[in-house]
Ligand SMILES: Nc1ncnc2c1ncn2[C@@H]1O[C@H](COP(=O)(O)OP(=O)(O)OP(=O)(O)O)[C@@H](O)[C@H]1O
């Protein structure tokens, strides 16, 4: 569970370029919530994710993860709970290394509990089994350099690597923004599958209203650093894509 109480974040306080990015925001996200956040540019969506991840610390307010107070903890101190995937499929992987070596690096980086490096063959078999979950045939291409894969394939593998370490929370910051429609669909399907399989709490930021309508069990609309709409799955089901479009007019 993620709990934010009366969180505010102001950048450049007291200066001419002061920005109130988040204003007195309170939000509770339950363990198996898959929350989709939409909102205009500059409405505070990424800042909210940064505050949850710990890459930005709040000016005031309290943040708890699984009842642990984490308000002043930095991102590396929260990493055992949180995995994060960004827009750019190139950012999460090393292009010259093979798929297998990328997984090795990820396992080293996260000190994975779920995936032990062990002997080469054991590790390889475990990676193969994990990649087979994606159903993309990549489990037979472990020695292929990451850079030769499509953006969608890379982003799907990045997603998989990010959730390997028994994390509980997956933060997706416009993970398909740089992808063509087919790859974007593949990555969103992968995200849905991993979130369900690993029983993750997930937050997705997207500007794609079709995705916002289709994915997740809860929909939040942000404006000017505040949550202005919060729809549970039942209420979300009654929304049309056009309703969402109207929110932006
Ligand atoms: N590090 C920073 N320094 C100064 N201002 C910042 C910083 N990060 C964000 N802001 C400002 O805070 C406000 C909210 O930004 P944020 O990136 O959270 O919005 P967003 O809803 O994610 O926007 P977008 O849809 O364009 O990605 C914006 O006015 C932005 O310029």
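The values are calculated or read from the model by the stated rules, or taken from the named source; none is laboratory data. Bear in mind the structure is a predicted one, so any value in this text is a computation, not a measurement. Reconstructed Cβ throughout: ideal geometry from the backbone, glycine too, with neighbour counts over all protein chains shown.
In the stretch 52-73, is there at least one residue being assigned to a helix (DSSP H, G or I), more than 17 Å from residue 226 (Cβ to Cβ) and in contact (Cβ under 8 Å) with a residue 60 or more places away in the chain? Checked the stretch 52-73: at least one residue is assigned to a helix (DSSP H, G or I), more than 17 Å from residue 226 (Cβ to Cβ) and in contact (Cβ under 8 Å) with a residue 60 or more places away in the chain. The single condition among (1) at pLDDT below 95; (2) within 16 Å of the ligand (Cβ to nearest atom) that residue 219 does not meet is (1). Exactly one residue among 78, 104 is over 19 Å from the mean Cα position of the chain (by Cα), more than 16 Å from the ligand (Cβ to nearest atom), buried (at least 16 other Cβ atoms within 10 Å of the Cβ) and at pLDDT below 95, and that residue is 104.
As a summary of the residue check, residue 51 satisfies the conditions (1) surrounded by fewer than 20 Cβ atoms within 10 Å (Cβ to Cβ); (2) under 21 Å from the mean Cα position of the chain (by Cα); (3) within 12 Å of the ligand (Cβ to nearest atom) except for the one numbered (1). Tallying residues that are away from the ligand (no atom under 16 Å from the Cβ), farther than 22 Å from residue 77 by Cα and surrounded by fewer than 24 Cβ atoms within 10 Å (Cβ to Cβ) within the stretch 152-186 yields 10. The residue that is modelled with the highest pLDDT, counting only those in the stretch 179-212 that are touching a helix residue (DSSP H, G or I) at 6+ places or on another chain (Cβ under 7 Å), over 21 Å from residue 31 (Cβ atoms) and assigned to a loop (DSSP other than H, G, I, E, B), is 206. Condition test on residue 44, is it in contact (Cβ under 8 Å) with a residue 60 or more places away in the chain and closer than 23 Å to residue 192 by Cβ? For residue 44, the condition - in contact (Cβ under 8 Å) with a residue 60 or more places away in the chain and closer than 23 Å to residue 192 by Cβ - is not met. Taking the stretch 1-45 as the range and being surrounded by 16 or more Cβ atoms within 10 Å (Cβ to Cβ), within 21 Å of residue 231 (Cβ to Cβ) and within 12 Å of the ligand (Cβ to nearest atom) as the test, the residues that pass are 22, 25, 37, 38, 39, 43, 44, 45.
Could you say whether any residue in the stretch 232-241 is at pLDDT 95 or above and assigned to a loop (DSSP other than H, G, I, E, B)? No. Of all residue pairs spaced 6 or more apart or on separate chains, those with beta-carbon atoms under 9 Å, a first member in the stretch 1-26 that is at positive phi and a second member that is in a loop (DSSP other than H, G, I, E, B) and within 12 Å of the ligand (Cβ to nearest atom) are 12/18; 24/225. Confirm whether residue 69 is more than 14 Å from the ligand (Cβ to nearest atom), exposed (fewer than 13 other Cβ atoms within 10 Å of the Cβ) and modelled with pLDDT under 95. Considered against the rule, which asks whether it is more than 14 Å from the ligand (Cβ to nearest atom), exposed (fewer than 13 other Cβ atoms within 10 Å of the Cβ) and modelled with pLDDT under 95, residue 69 comes out as no.
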